[in-house]
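The next block holds one structure in the form of structure tokens; read it before the comments.
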Amino acid sequence: MLGRFRRKQGASTHTGVQEQDIGVSNSVEQQGEKHVHMPGFNHNGHKVTRGIKGDGDSGRGGIHPWHFIRICFRSTSHVSMIVNVLWPFVPAAIAIHFARSDLHLWNFILNYIAMVPTANLVGFAGQELARKLPKVFGILLETFLGGVVEIVLFMVLLHNDVDNDLVPVIRAAILGSILANLLLCLGFCFFAGGLLREEQEFDEVISEVGHGLLLMAGFGLLIPTAFYASLRGSIDDVLLESKTLNISRITSVILLIAFFIYVYFQMRTHHGLYDSVLEKDEERDRDRHKDLKKAKLTLTECVFALVLALTCVSLHAVFLVEEIDYIVTERGVSDAFMGLILVPLVEKAAEHLTAVDEAWDNQMNFALAHILGATVQTALFNSSLVVIVGWGLDKAMDLNFEVFNIVILIMSIIVVGNFLRDQKSNYLEGSLCIFIYILIAIASWYYPNPAAGTSNTAEGAGREAGG
């Protein structure tokens, strides 16, 4: 601009200055171009790959077997690393299934234990992948991948269902997964974080939105149960069951829409609020300098780890579900305890370890985002998905829960809402959440399998009372 202006003056004496100015302008433009294309480097001095966040770049490419095994074994925390010691149970569980399928109890135990390290790898690979992406999208992806283990279990249970014998277990597992997150995992997060500091604070953006969605989900899950319980004995049972099934399917569609609106809210319209909150949380991380220096998986290694872990998880889920009927009928374990306690504990192990580790590092917003995000996914997405898939398979999978189970769920949502209201947590609140979960586990252990046609169990469904 300066060169063109001086040319308009027509002053020949300024020719040298003009050329000098043009040269400076070109130099600045060249520097700007160099700045735009200059590769970035992260804290470890690694060149950042285009499209990858600096904190998640490994500085490598492809798959390096030794680095892959070493990084996966170290995992995210000491507890996760200890869990990886259980990997020898994975081949043992697969081998005993094919070699000695008649050993039902051992098949159940070994596959149950083997689910823990494989689910842990799903969580770790998801976390490594999330670090390479924008914060909000990364959290959502990590939470979804953690829920994939649950989806696989639900789908296997639904596929193996004959005459609705596994439907009560699926229903109980849906609520049990929500309770494990809300009470057990949140309780351990409050407790672990409260051991090192008097109180921990978290932002209302995370807690209020999550709790509001849980109240809505709880109300949605309650409607089919309340409808069936209110009209049972007043109209024909077959007609009532048909109407309850239709209500469950419509409710599932609405809950699924609510889930996608929630995802859009987080990723598109209000992602700035979440970004700022999570960035402040990163600054409070007491181990952030150590985490930044840790070796990381490449993008290819993340994908390979997820494929490997999900394959193992799917195998163990199939083998585990095949033994549930034996455990319930021959060993006297009730559907309520199997669904509310045993299944959710193994499927949520990885998510719980991640969230507790974040709370220990004073990252309560991250921990709450994982806990409430996973709970909302189960309540709105996973529960709806299993009903809709059952609809497609022409199976009577509905949301008609046992009254005992749904009452516990609603009360748990209310209790947790009161703890989140002041946006502060301590080890006392964590202890209370854990104690409530233990009480529910004890009650579900003694809860018998209702006979067909009693309670909220449809005629022809369920197992004989006992256990």
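The values are calculated or read from the model by the stated rules, or taken from the named source; none is laboratory data. As the structure is a computational prediction, the values presented were derived from the model and not from experiment. Glycine gets a Cβ as well: all are built from the backbone with ideal geometry, and neighbour counts include every protein chain shown. Heads up: the accessible areas ignore ligands, DNA and RNA and are worked out on the full protein's heavy atoms, side chains in. Shrake-Rupley method; radii C 1.70, N 1.55, O 1.52, S 1.80 Å.
Listed values, structure above:
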{"item": "Qualifying residue in region 417-428 (condition: under 23 Å from Val333 (Cβ atoms) and modelled with pLDDT of 90 or more)", "result": "no"}
{"item": "Number of positions in region 236-251 that are without any contact (Cβ under 8 Å) to a residue 12 or more places away in the chain, under 29 Å from the mean Cα position of the chain (by Cα) and farther than 11 Å from Gly220 by Cα", "result": "1"}
{"item": "Which numbered condition His316 misses (of (1) over 24 Å from Gly187 (Cβ atoms); (2) touching a residue at least 40 places away in the same chain (Cβ under 8 Å); (3) surrounded by fewer than 22 Cβ atoms within 10 Å (Cβ to Cβ); (4) of a type outside the set (A, V, I, L, M))", "result": "(3)"}
{"item": "All helices (runs of 4 or more DSSP H) inside region 133-215 with 2 or more residues being closer than 30 Å to Leu393 by Cβ and open to solvent by less than 30 Å² (accessible area, probe 1.4 Å)", "result": "135-160, 167-179"}
{"item": "Helices (runs of 4 or more DSSP H) within region 321-399 that include 3 or more residues open to solvent by 10 Å² or more (accessible area, probe 1.4 Å)", "result": "324-330, 349-360, 364-376, 383-392"}
{"item": "Boolean, Ala99 is without any contact (Cβ under 8 Å) to a residue 60 or more places away in the chain and of a type in the set (A, V, I, L, M)", "result": "yes"}
{"item": "Residues of region 251-281 classified as at pLDDT 80 or above and either over 19 Å from Ser207 (Cα atoms) or open to solvent by less than 30 Å² (accessible area, probe 1.4 Å) (or both), total", "result": "10"}
{"item": "Residue satisfying condition, being polar (S, T, N, Q) and open to solvent by 60 Å² or more (accessible area, probe 1.4 Å), within set Ser234, Ser242, Ser248", "result": "Ser234"}
